[in-house]
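Contents: one structure, followed by commentary.
Please treat every number below as a calculation from the coordinates, not as lab data. All values derive from a computational prediction rather than experimental measurement. Reconstructed Cβ throughout: ideal geometry from the backbone, glycine too, with neighbour counts over all protein chains shown.
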Amino acid sequence: MAILKKSAVWIGYLAALLALPQFFDSVLAVSIFNQMAIAIVFGLSYNMLLGQGGMLSFGHAVYFGLGGFLAVHALLMIEVETVYFSIIWIPLVGGFIGLLAALFIGTFSTHKAGTVFAMISLGIGELLAASSLIFVSFFGGEAGVSGDRTFGPPFFGIEWFQNLEIYYLAVAWVFIATVFMYLFTQTPAGKMANAVRDNPERAEFIGYSARKVRYITFCAAGLFAGVAGGLFALNYEFITEENLNAATSGRVLLSAYIGGLGYFIGPIVGAVILTLMNSLLSNYSDLWMLYLGIMFLLTVMFLPRGFAGFIMMHQLAWVRGKIKSLLVPYLLTGIPSLLFLISVVGLIELSHTDEAELYYFGLSFNSTAAMDFILIAIVALGSLLSIRRSLPQLRAAWEAANEIPESVDEESTS
Amino acid sequence: MRTSRFIRHIFLSFLLVFSSNIYAQEPVRLAFLDPLTGAFASIGNSGLKQLEFAADYFYNSKGGILGGRMIEIVPLDNKQSPTESQLQFRRAVSEGIQYIFQGNGSAVANALNDAINRHNRRNPGQEVMQVNYSAVDPILTEDNCSFWHFRWDAHANMKLNVLTDYIAADQDIESVYIIGQDYSFGQVVSDTSIELLQQKRPDIEIAGNEFHPIGQVKDFTPYVTKIVASGADAVITGNYGADMVSLARSIIDNGLDIPIYTFYAAYDGITATLGEDGKNRIRLIHNEVSNPYPTEERKEFVRAFKAANPNNDVTQPRITNALRMIVTAMEETQSTDPYDVGLALEDMRFTTLSGDEIWMRGEDHQVIQTLHISVHTDEGVEFDADNSGFGLYTEFSAPIEDSMVPVNNCRMRRPSR
Amino acid sequence: MLDVFIFATLNGLVTGLLLFMLASGLTLIFSMMGVLNFAHASFYMLGAYFAYSVSLYFGYWTGLIFAPIIVGVLGALVERYGLRRVHQHGHVAELVFTFGLAFLIEEAVQFFWGADTKNYQSPDLLDFPLFTLFGQEFPAYRGFMIGISISIFIGLYYVLTKSRIGIIIQAALTHPHTVSNLGHNVPLIFMCVFGVGSALAGVAGVIAGPVLTTFPGMAVVLGSIVFVIVVIGGLGSLAGAFIASILIGLLQSYAIASDVGMPDLLNLLGLEFDRNHPLTDLWTLTLPQIAPILPFLLLVLVLIFRPTGLMGKREQ
Amino acid sequence: MTVLSLNDVTKNFGETEIIRGVSLAIEKGEKHAIIGPNGAGKSTLFHLISGLYNVTSGSIRFKDQEIQNKQPYEINRLGVARSFQVTNIFARMNVFENVRCALLWSSGYKYSFWHLLGRQKELNEKTMHVLEQIGLQKKALFPAGELAYAHQRALELGIAIASGAEIIMLDEPVAGMSHSEAEGAVELIRRITEGKTLIMVEHDMNIVFDVADKISVLVYGKVIASDRPENIRANAQVQESYLGEVVTSA
C-alpha cells in the first residue's frame, strides 16, 4: 500500500509533466515549460547543496554554465562531425562537466560550510564570470557560443526542429534527474549530508568526515546543475556568460528559498513560481523585479521554509481532519490581504506610470489626480484594518487545529 | 496535486488574455525587443517611445497603412540579456509577430540573428525579420549576414573610418590613447582605429591601448593617470552606459584637457550628467545630422515628439527611418510577409527627415548614409538633450561615399520561394 | 615612470580608504551580530542618492551631513523590523535576508530615482587641483576624500577604545556571547551598531558619489569587493579590514598602472605563440585587463590557505 | 588489558596550560570516572582523546595505535564513541534518523550513495533496537530538536552507543536532569555500557560512586589520584582539594 502510494506521486508527477502541453500548446507556453523544466533541475540541484547539505552558495551557476558551454561545444562538434551521437545525450555531457568542475573546486571549497564556503563560492563565481569574458575563444565573449541541435542523427525520426520535441526530451531528463536526486536523499551519503548540515561537529564523532560528506553532496549538486545546463543548451541552442554569473546564481537561490528549502518539492514549487513570474508578470509591469524582491524578503521573514513549508504546515491539521475549521478564518484574512496587496500594487503602479491613465483590474485611474491615490489608499487602509481584526481569529483557529497531542506517531511523508 | 491545479488555473487565465486579442481590422504588429527594465531600461524605453510616436505620427494618425490597418507596437522586455531575448522572441512568434525591432547590444543582436535564422529555416511560411536599428557589430552584415537581418545604423568600421579621417585631418593630434570595455565592440574599436590610423597618419603614435572589464571598474582615475602620463592628445573610447560616464568624469575631474572621441556619450542621462564639464571635449560619431537641423520637417517632428514626451528626446532618428522604409516596402508590395518586404527593401533609396538620401545596400542589408561628428556643447543647440541645455552640435559631416565600407565577407544565403 | 607610481599610490590610497569606510561598518556589524550584511553596499548607494537629492535643494554640504543620518536611521529600522525577526531562523536565513535586501534596494532605487546616471557634482569649493606633480593634477576633492576617510578612521578608533559603548563593542569582537550574558541591552546595541555601520556606508556613498558616478549599479560594483576585503582581512578584525582595504586599493591601482602581461612573461621565458593558438586569450592577457578581478583571486587563495583571513582569529 | 592509555599529555591554549601532563591507563571493561573541580580540564581531556583538539605534547594510545592528533572520525572508526556535555544532536532530523546515522559507518555503508536506506532491513532493525534501549521507540519520527530535554539526553547517549564502540565516553550524561530523570539515566547507562569500557565525566558524586569502578581526580590539569572508589574516598589529598566539600554537601 505504502509503495503504491509512493509511486503514485511519481506517476502523477510524470503524467503532469507530460500532459502540460496538451492543455497549452502555443509556442510561448512550450517555451515557458522548457524554462520551467530547466529551472526545476537546477533548483533541485541547488537545494541539494543548501537545503540538504547546508552549503550556502553564491556561485552555483558556475556548474550550470560550464555544463551548458560544454554542451553547446558538443553540439558544434556534432555539427562538424568530430563526434557523432544523438543529442538526447547532451544533458549527460553537461552533467559530466558540472561534475568535473565540482570535483576540482570541491577539493578546496568544502573544507568548511557557512561563511567560508559562501565566500569561496562567491569568489569562484566572480572569477569565472570575469574570465568568461576574457577567454573569448571558448566562452565567446558577451555574445556567447551558439550551436544547432538538428545536426545529430535523428532519434526515432525526431529531428528536434520544434521546441515541443525538446520539451518531451527535457521531461525525460527532468524526471530521471528528479528521481535520482530524490533517491540520493535516501542513501547513506544523502542522510549524512543532512546530519552534517545540522551538526558537522557531531557527524565527525559518528565516523564521518564532514568535509568528505560535503564534498560528495557538492559533486552531486554540480553534476545535476550541469545536467540542467545541458538542457539549457538544447533548448536555447546557445549560451552566454550571463548563465554562469552571479545573477543566475542569485536567481536560483531566490527560487529555492521561495519554494522552500529542506523540502524536496520546495525547489520545484519555486522554479514554477519564479518562471511564471519572470515570463508572465514581467509583461504586465516593468516593476516586476521590485515585486519579486518584496516577495522574497517577505518570504524570508514570514515563511522561512518557503511555500512548500507553508503547505507542509497544514499537514498536522490535515491528518487530523481539522483543515476545514481553518477555511473560514483563512478566507476572512485572505480576502482583505489580497485586497491590500492589490491596492498597494495599484498605488505603486499609479505613482510609477508616466501615462495619464492606468488600467488596473478593469478600472481606469488617473495618475495625475490626487483623488485616485486617496481612493486606493483608503481601500488599502481599510483592508489592513480588517486584517488586523481577523488575524487573532485565524491564530486561534490555527492553534486549535494544531494542538499538540500527547504523542505524535503519525508518519511523515517527507 | 492541489497546487498544480491552481497553477494551471492561473496559467489558463493568463493565456486566455494573450489569445483574445482579436481585432476587427487586424493591425500590423511590430515587436520592439529591448531592455525596458534594469540598468539599460532608460535607453530601451526611450527607443520604444520613439518607435511608438513615429508609428502614430506618420501612419496611425493618418488612417493607418495598407488600406486602413493600424500599426501596433508590441514592447518586449529583453532585460539586455541574450537568453531573455530568446524567450521574448518565442513570445513574438507565439503571437504571430513577424518584425522585431532591436538595437541595444551586439550580443543580443547576434543571438537574435542566430535564433531568427534557425526559426526561419525550420518554420517556412512563418518567417521573422530582424530590424536592427542600432547594434553595430560589423559581423552582422559580414560573416553572419542574413537575408532576414537589415541594419539601419552604420556599423563600427564605417563609423571608425569617418572618425579616423577626422582625427587624421587634425594636425594637432600626434598621439591617441584608446581605451575600451573588454568585449567585442571594444576590441573592434581598438583594432580598427589602430589599423586605419596607421594607414592614414602613420606619424600618429598610439600612446596606449587599454581594455577594462565591463561594469567592473569602480574608479577610472588610475586609467586617467596612465593617459596623462602617456601624453596623449586625444582619447578614443567605445564605452557605453555608466562606464562611459565614469570615464569621462574621471578625465574631466583630473584636469586632463584633451578631446574624447566617443560613440555613445549623449542622451539618456549622459548629456545631463556631463553638463558643463564636458563642453567642447566630448565628440560623438553618429548618423543623422545634429544641431542645426537642416529641415523644417525634422524640427516639426522633434517638436511634436517633445510635446508628447517632454522627458525624452529623439535620440535615434534611425528608428524612424527603419519604420518608414519598412512601411514603404509594405505599401509597395501590399504585403506584410517579411520575404516580400525584404526583397522590396533591398537597394531601396529613401530620403530621411533631414533630407539625406540613404541606401539599403542589397548585398549585405546595410544602410549607407552620411555620418557626422558632433560636439557636446550648449552653443547653437536648438534641440538639447535631457532638457539640460546641452546637446550635440555637428562639426563635420562625411558624405555617403566616405562613410561607405565595401562588403568583404558577406555570402548571403537567400531563401528560395 | 615615477609619476605613474606616485599617482597610482595616491589613487590606491583613495580607493583603499573609501573601501575601508565600507569595510569598517561591515566588520562592526559582523562582529556584533555574526551576520555578513550583503546589503551593506546598498546603503552606500542610498547614501549617494540621498545626498544627491538633498544637494539639489540645499547643496553638497547639507547632503554630507543629512544623507548619512537618513541612511543610518534606515539601517536601524532594517535591523529592528527585518533582521531581528529573521535572526531566529539562523545565520543562513540572515545572510539570505540581506541578499534579498540588496536586491530590493537596487530595484527601489530604480523605482524612485530611475535607471540612468545622476548628475551628482562635487562642491565647487573643492573644484581646484590640490597640487600638480609632473604635469598631473591631483584634484582637491580627492584630498578631501582622504581627509574624511582618515578622520572617520580616527574617530572610530577613539570611540572604540575610549568610550563605554566602544568597550562593549570591543568585547563583542572577541567574546560575543559573554557580552550578551552581561545584561547589556544587546538588541539596542545591535540596532545602534547596525545603524552606525550603515551610516558609515552612507558617508562613503556621499563622498564617492560625485567621483565614482551615481547610478543603480554602483552597489554591485563595490559590494562584492567590500565583502572580499572583510573576508581577506579576517572576519571581525578591524585592523585586518584596514590592511586588506589598503592592500586591495593599491593592488588594483598598481595593476592598472603596470603594463606587464603574459606576453612579457613569455618573452622572458623565450616562448612564442602565434595568434591562432587555441589559448591565445591566455597568452595575450595583461595585468591591467584583469585588475578588477584580482581581489576575487586573492579571496579564493586566502580562503584556501588561510580560512581565517589575514588577521582573523575567529571562525564562523 | 589496557585499551586506552595517556602518556604525559599536555595541552596549551596560547600561553595557558590547561592539561599539564596527564598519564592514565584504562583497562578493558573498566568503568572509569573522571572528576574534578570546574575548570580542571575534564572536558578538554575528553576533547583530546576523542580528537577534537590536538595535543601539545605526549601521546594517547588506543590498543596498539597512537591516536593523538588523529581526526575525530578516524578515532571513532577505531571504536571510541562519545557524548557531549551540551546536547549535540542532529536537530532537524527525526530521532530514528539520528540513531541510524550513528550506525551507518559501523555497519559498513561508508559514503555509499548507491544503497537505499529504506531497504536496509538489518540496519533499520538495529536502529529500532537502539531506540528501544534508550526508550525512544515511540518518538522515532519526532524531530530531534523538539524533544523534551531528558529525551534529548537519552538520544545523545543513543548516538554515542549506537555504533557499538568498544570505548564509550560520556561527558556529564545527567547534567541538568532532575533527580528522578537522573536515576533513570543511570540505569540506562549501566544497561547500555554493559561489557564495554566506559569513561565518564560527572559532577554528581552519588552517580560516580554508584557506577564507576575506578576514579581519576583531575585538578588544574593534573591527575592527583587514580584509584578504586573506596580508596579515592579515603584519599586525604583528594578530600582536601576537591571531594570533601562535595561529599559533605551532597
Does the range C:122-168 come out rounded, prolate or oblate by the C-alpha gyration tensor, with a ≥ b ≥ c the root eigenvalues, rounded set by a/c under 1.5 and, if not, prolate when a/b is larger than b/c and oblate if not?
prolate
If you add up the charges near A:MET48, with Lys and Arg at +1 and Asp and Glu at -1, over every other residue whose beta carbon is less than 14 angstrom from its beta carbon, what do you get?
+3
Between the range A:206-239 and the range B:117-131, how far is it from one alpha carbon centroid to the other, in angstrom?
36
What's the center-to-center distance, using Cα atoms, between the range A:136-182 and the range A:284-310 in Å?
31
How many Cβ atoms of partner chains, on average, are near each residue of B:31-40 if near means within 10 Å of its Cβ?
3
Which of rounded, prolate or oblate describes the range C:1-103 when judged by the alpha-carbon gyration tensor and an a/c cut-off of 1.5?
oblate
Percent antiparallel among DSSP beta bridges (both partners in chain B, rounded to 5)
35
Give me the distance in nm between label points sitting 7 Å out from Cα along the Cα-to-Cβ direction at A:ARG388 and A:ILE11, one decimal.
5.3
Take the Cβ-Cβ distance between C:PHE112 and D:GLU17 as r, set R0 to 41 Å, and report the resulting FRET efficiency rounded to the nearest 0.05.
0.10
Among C:VAL78, C:SER53, C:TYR141, which residue has its Cα positioned farthest towards the positive end of the charge dipole of the range C:39-151, with +1 placed on the Cβ of Lys and Arg, -1 on the Cβ of Asp and Glu, and the dipole taken about the Cα centre?
C:VAL78
Pairwise FRET efficiency - B:ILE400 versus B:ASP337, Cβ, R0 = 35 Å, nearest 0.05:
0.70
Name the residue, out of D:LYS214, D:LYS31, D:LYS126, whose mean-square fluctuation peaks in a Gaussian network model built on chain D with Cα pairs under 10 Å.
D:LYS126
With n ≥ 4 as the cut-off for DSSP H runs, can you work out [θ] at 222 nm for the protein assembly as shown, using -39500 (n - 2.57) per run divided by the number of residues, rounded to the nearest 500?
-18000 deg cm²/dmol
Within the protein assembly as shown, which cysteines find no other Cys whose Cβ is under 4.7 angstrom from their own?
A:CYS219, C:CYS192, D:CYS101
If I model a spin label at A:TRP89 and C:THR62 as a point 7 Å from the Cα along the Cα→Cβ vector, what separation in nanometres do I get?
7.2
Amide H partners (placed H, <5 Å) of B:VAL74, local residues excluded
B:LEU30, B:ALA31, B:PHE32
With axes computed from alpha carbons, what is the tilt in degrees of helix A:163-185 against the longest principal axis of chain A, rounded to the nearest 10 within 0 to 90?
90
Give the longest segment of chain C that steers clear of trypsin sites (Lys or Arg not before Pro) in DSSP loops with at most 13 neighbouring Cβ atoms within 10 Å, not counting the sites themselves.
C:1-274
In whole angstrom, note down how far apart the Cα centers of the range B:167-244 and the range D:106-139 are.
69
To test your reading of the geometry: what angle, between 0 and 90 degrees and rounded to tens, separates the Cα axis of helix A:188-198 from the longest principal axis of chain A?
50
Output the pairs from B:LYS218/C:LYS118; D:LYS42/D:LYS214; D:LYS63/D:LYS126 with a Cα-Cα distance over 19 Å in this structure; if there are none, say none.
D:LYS63/D:LYS126
Given H placed 1.01 Å from N in the peptide plane, which residues other than close sequence neighbours of B:GLU205 have an amide H under 5 Å from its amide H?
B:SER175, B:VAL176
Cβ-defined net charge surrounding D:SER43, 14 Å radius [Lys, Arg +1; Asp, Glu -1]:
-1
Taking R0 as 30 Å and r as the Cβ-Cβ distance between A:PHE175 and D:ALA148, the FRET efficiency 1/(1 + (r/R0)^6), rounded to the nearest 0.05, comes to 0.10
What shape does the range D:49-156 take by its C-alpha gyration tensor, where a ≥ b ≥ c are the square roots of the eigenvalues and a/c under 1.5 counts as rounded, a/b above b/c as prolate, and the rest as oblate?
oblate
Where both partners of a DSSP beta bridge lie in chain D, what percent of those bridges are antiparallel, to the nearest 5?
60
Just the projected area, averaged over all directions, of the convex hull on the alpha carbon atoms of chain C: how many nm²?
19.3
Distant-in-sequence amide H partners of D:ILE19 (H built 1.01 Å from N, under 5 Å)
D:LYS11
Starting with the highest mean, order C:39-46, C:253-260, B:216-223 by the number of other Cβ atoms within 10 Å, averaged over the residues of each peptide.
C:39-46, B:216-223, C:253-260
Using only atoms on other chains, find how many Cβ atoms lie within 10 Å of each Cβ of peptide C:283-294 and report the average.
5
Which residue fluctuates most in the GNM of chain A (Cα springs below 10 Å): A:THR299, A:THR178, A:THR353?
A:THR353
How big is the dipole moment of the protein assembly as shown about its Cα centre under a simple scheme where the beta carbon of each Lys and Arg is +1, that of each Asp and Glu is -1, and everything else is neutral? Debye, nearest 20, please.
5640
If you count the DSSP beta bridges with both ends in the protein assembly as shown, what percent of them are antiparallel, to the nearest 5?
50
In the neighbourhood of D:LEU52 defined by beta carbon distances under 10 Å, the net charge of the other residues (Lys, Arg +1; Asp, Glu -1) is -1
Pick out which of C:LEU299, C:LEU17, C:LEU126 has the largest mean-square fluctuation in a Gaussian network model of chain C, springs linking Cα atoms closer than 10 Å.
C:LEU126
What list of ³J(HN,Hα) couplings, whole Hz, do you get for the range B:139-149 from phi and the Karplus terms 6.51, -1.76, 1.60, once you set θ to phi - 60° and write x for glycine and proline?
4, 5, 10, 10, 4, 9, 5, 9, 4, 8, 10
Tabulate in residue order the Karplus-calculated ³J(HN,Hα) for the range A:290-304, using 6.51 cos²θ - 1.76 cosθ + 1.60 with θ = phi - 60°, rounded to whole Hz; enter x for Gly and Pro.
4, 5, 4, x, 4, 4, 5, 4, 4, 4, 4, 7, 10, 10, x
On a 0 to 90° scale, report how tilted helix C:91-113 is relative to the longest principal axis of chain C, with both axes built from alpha carbons and the result rounded to the nearest 10.
80
What list of ³J(HN,Hα) couplings, whole Hz, do you get for the range C:294-310 from phi and the Karplus terms 6.51, -1.76, 1.60, once you set θ to phi - 60° and write x for glycine and proline?
4, x, 6, 4, 4, 4, 4, 4, 4, 5, 6, 8, 8, x, 8, x, 5
Residue-averaged beta-carbon neighbours from other chains (10 angstrom radius) around B:179-186:
4
